[in-house]
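Asker: Right, I'll just put the structure down here and ask away after.
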Number of protein chains: 4
Amino acid sequence: MKKINVTIWNEFRHEKTEDAVKALYPDGIHAFIKGFLDANEDMNVRTACLDDPDQGLPDALLEDTDVLLWWGHMAHREVSDALVEKIRKRVFTGKMGFIPLHSAHKSKPFAAILGTNGNLSWGRDQKEIIWNMLPAHEIAAGIPDHFLLELEELYSEPFFIPQPDELIFGGWFEDGHIMRSGATFYRGAGKVFYFQPGHESCRAYYHPCVQRIITNAIRWARPNDFGFAIEDACPHVTWKTTDEFDA
Amino acid sequence: MKKINVTIWNEFRHEKTEDAVKALYPDGIHAFIKGFLDANEDMNVRTACLDDPDQGLPDALLEDTDVLLWWGHMAHREVSDALVEKIRKRVFTGKMGFIPLHSAHKSKPFAAILGTNGNLSWGRDQKEIIWNMLPAHEIAAGIPDHFLLELEELYSEPFFIPQPDELIFGGWFEDGHIMRSGATFYRGAGKVFYFQPGHESCRAYYHPCVQRIITNAIRWARPNDFGFAIEDACPHVTWKTTDEFDA
Amino acid sequence: MKKINVTIWNEFRHEKTEDAVKALYPDGIHAFIKGFLDANEDMNVRTACLDDPDQGLPDALLEDTDVLLWWGHMAHREVSDALVEKIRKRVFTGKMGFIPLHSAHKSKPFAAILGTNGNLSWGRDQKEIIWNMLPAHEIAAGIPDHFLLELEELYSEPFFIPQPDELIFGGWFEDGHIMRSGATFYRGAGKVFYFQPGHESCRAYYHPCVQRIITNAIRWARPNDFGFAIEDACPHVTWKTTDEFDA
Amino acid sequence: MKKINVTIWNEFRHEKTEDAVKALYPDGIHAFIKGFLDANEDMNVRTACLDDPDQGLPDALLEDTDVLLWWGHMAHREVSDALVEKIRKRVFTGKMGFIPLHSAHKSKPFAAILGTNGNLSWGRDQKEIIWNMLPAHEIAAGIPDHFLLELEELYSEPFFIPQPDELIFGGWFEDGHIMRSGATFYRGAGKVFYFQPGHESCRAYYHPCVQRIITNAIRWARPNDFGFAIEDACPHVTWKTTDEFDA
């Protein structure tokens, strides 16, 4: 089977300016994620950053991407609308899966693809426990009924997303909050998986369960082996049952 | 508009045998719920108990019930299969809404109607916070973004229910657990709303938000004004477009 | 109960330029829909057209609208992005329900609110039969198991919408096609109902079932009686269980 | 990867008593399906029939089955309740996927697992066109936007199933009817895919798209690689965040 071309896009700002973040992710969150994904022989993993040429995603790379991971936070507005439109179109036409991570809940592509303002409440870093609510799902493969993140930024309901197609993980936070933490959304002919953990100053991406979930999600989100061409248009059809099939 | 005929079915055992429960709900949980529902002029509220004749639900009452609330715990197995079958059929044919409360997650009608074994994990009574995850829903009308139950029995994910049609409320528990606490399920031509709070030794039913939610849910679950007869059968149809419509 | 402020927005172009359309809807589709909605005492119905000042929706009217119906076709691109953004925000913050009709599947607000490119296939006007797939739903109240539209524009699957929260109606077309014809989508704190019939040169809006469905949908989509303020922001929260509740 | 142990259960009555059926499926529908599944190296395919000892499913075989296909029609009532209960439990605890075919919509395990009476309308054999409504889904891999079955028994909406988790295929019928023809349902820790074509006197199982869909569905429905034990019980939990995780 053809390798999955994965591109990890990262805003890559916190890691340059904040010592605590740099200490955790010295080469950037993107590089850290690539680090654990590279072990998968079925994946071909690349990275891209906001401050790279073409905001990291020149057409040649975007058009060669099967699954796009997206980490952004403080610079959502800097992402060009034209790039967002290309991403949206690529997902809707089934050419690419999309995996927004953590603060990408307020990113432009998340809003454009899902139909949401991405609003939630947030607060201090604290203990989070992730619960496995749909163990039958491919993205939950190998994940226990719950696991602990010693420290993660509080993200809380109400989270104004569309009801997920599949709600797989839920988060419990020390201060009294809960969160839909891992959820899938079919959009057009593409697939989206949002995963909440991953604050820049916390160690979520070090956790083996988080690594497994992201790995599973990439495999789940890869474009399907479509049996027909997915157009970006509303085709006019002229055939009738009798014409087409009775001949 | 015709009043909604509500029947509150209660196992009514704990309240007779345990002093703490008797102190909270001296006439039974059913009587307490009837107490706050009676204020609604659009409802005609009756109660029924397991130890009543016909297990509380003679045909005359069941067939006059628009919405059935169900509270059971220690005596699930005593409920007759024939009665469960009547309830199931009535819900599926759109004659009755069904609102299983708290430990009814392991009741026979819940399993038969939903398609679940109703399994979850449970533990000691503790603080619960209920979060409002779908404020647009009629059942969430008037409910704040969250509210506190000082003491409620721990019910925890993984909760092996089918994915709800609408997940409205989620529960946070002090010891580190979460729970899908309020959820709707369309079944046949009927509607189901499961609501988790309501342990016999706790005061959930005293809480104004809990009372409002149950009140809202009854209005939501009432049978629809159907535009055609919902049969309990698989009708053989002989019409064709051309026959029926072109005449 | 407060009346529902309904605004029917119409592109209102076909009715001015095409005789066949003018014959059916001489004052515009918006006026025709207003005609049958005016019989509802719980509704206060207004109309708005693309060529009116502020594209028909000055802030004063938009901010006074509880449910917005939208009919557009040939001039989708003329609708200003700023207006689309206001509509989107109003729906997401639960201030307004949104009912896109027929060719509004390719309108800007439909795409922005739902997360879709709205693509489908289309063809010649022909016989359509609408099937009632979720009779328990409020929007299906009073609707038979199926009804016939003698002539309606062919709209066909694959329809690249997100999976609906509730799929209520499905369409059968003479030439061999099917369509998800009536479907709900929760978005933010708002509600959306898409309804497929309504081609400008066909008589769908004359049909009593179509009129009943639109009437039902307006009642269903009205803003909820929220128990808390729905902000257009990500609030920072500082309370903890112990702080807020134990005091 | 371990092979998928597939068991095809068939009532196997029509094929013995009706010449037309015997002509199409001389060794039974089960044998025919096994015929095209055997080409898949990742599957180990067995068959079982109602009139075999233990109704075809002795514990040893059932407990060795990863995915169970079920074809039944005239003898639904003969299937023992004890066997249905074993099947239901095995699906809910994630040990087995379940693929009910065609008239299995009225079978006992379908009703027990899904929560439905399985009612639909039916009529004469006629032309059916299957539409692909969720091309992104694994079960739709390789399937065109539509395909034709020259002759299939009419199955029509309203089909009183719970709303599917994923609605993948829809059917158009010559006489004016539509049908949700291919749909997934998560139940407990297991997965269910219902597929409507497959009347005993028609050639659906000869169609390459039908064969591909069933093949895809088996791979999709296989038990997950669970990260924890799925019990058939409601475990009492005593751990607290502080106990378990702070040590």
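The values are calculated or read from the model by the stated rules, or taken from the named source; none is laboratory data. Quick caveat: nothing in here was measured; it's all calculated off a predicted structure. With ideal geometry, Cβ positions are generated from the backbone for all residues, glycine too; neighbour counts draw on all protein chains shown. Each accessible area value is taken on the protein alone, full model and side chains, heavy atoms only, with ligands, DNA and RNA left out. Shrake-Rupley method; radii C 1.70, N 1.55, O 1.52, S 1.80 Å.
Asker: Within region A:1-37, which residues are part of a helix (DSSP H, G or I) and touching a strand residue (DSSP E or B) at 6+ places or on another chain (Cβ under 8 Å)?
Answerer: A:ILE29, A:HIS30, A:ALA31, A:ILE33, A:LYS34, A:LEU37
Asker: Moving on. Sort out which residues of region C:120-146 are in a strand (DSSP E or B), open to solvent by 10 Å² or more (accessible area, probe 1.4 Å) and under 26 Å from B:THR93 (Cα atoms), and write them in order of number.
Answerer: Passing the criteria: only C:HIS146.
Asker: Tell me, yes or no, whether region B:169-190 has at least one residue that is without any contact (Cβ under 8 Å) to a residue 12 or more places away in the chain and more than 26 Å from B:ARG222 (Cα to Cα).
Answerer: Yes - at least one qualifying residue is present in region B:169-190.
Asker: Tell me yes or no: at least one residue of region A:23-38 is of a type in the set (Ser, Thr, Tyr) and closer than 15 Å to A:CYS202 by Cα.
Answerer: yes
Asker: Let me ask something additional. C:GLU138: within 11 Å of chain A (Cβ to nearest Cβ) and either within 19 Å of the chain's Cα centre (by Cα) or of a type in the set (Lys, Arg) (or both), yes or no?
Answerer: Spelling it out, it is not the case that C:GLU138 is within 11 Å of chain A (Cβ to nearest Cβ) and either within 19 Å of the chain's Cα centre (by Cα) or of a type in the set (Lys, Arg) (or both).
Asker: Just one of D:ALA140, D:ALA136 is of a type outside the set (Val, Ile, Thr), out of contact with any Phe, Trp or Tyr (no Cβ under 6 Å at 6 or more places or on another chain) and more than 21 Å from B:ARG187 (Cβ to Cβ); which is it?
Answerer: D:ALA140
Asker: Does any residue of region B:51-69 turn out to be of a type in the set (Gly, Ala, Ser) and under 15 Å from the mean Cα position of the chain (by Cα)?
Answerer: No, there is no match, as no residue in region B:51-69 is of a type in the set (Gly, Ala, Ser) and under 15 Å from the mean Cα position of the chain (by Cα).
Asker: Please verify whether D:HIS14 is touching a residue at least 40 places away in the same chain (Cβ under 8 Å), touching a helix residue (DSSP H, G or I) at 6+ places or on another chain (Cβ under 6 Å) and open to solvent by 50 Å² or more (accessible area, probe 1.4 Å), treating the condition exactly as stated.
Answerer: no
Asker: Please go through region A:81-117 and give me each residue that is out of contact with any Lys or Arg (no Cβ under 9 Å at 6 or more places or on another chain) and hydroxyl-bearing (Ser, Thr, Tyr), ordered by number.
Answerer: Correct list: A:THR93, A:SER103, A:SER107.
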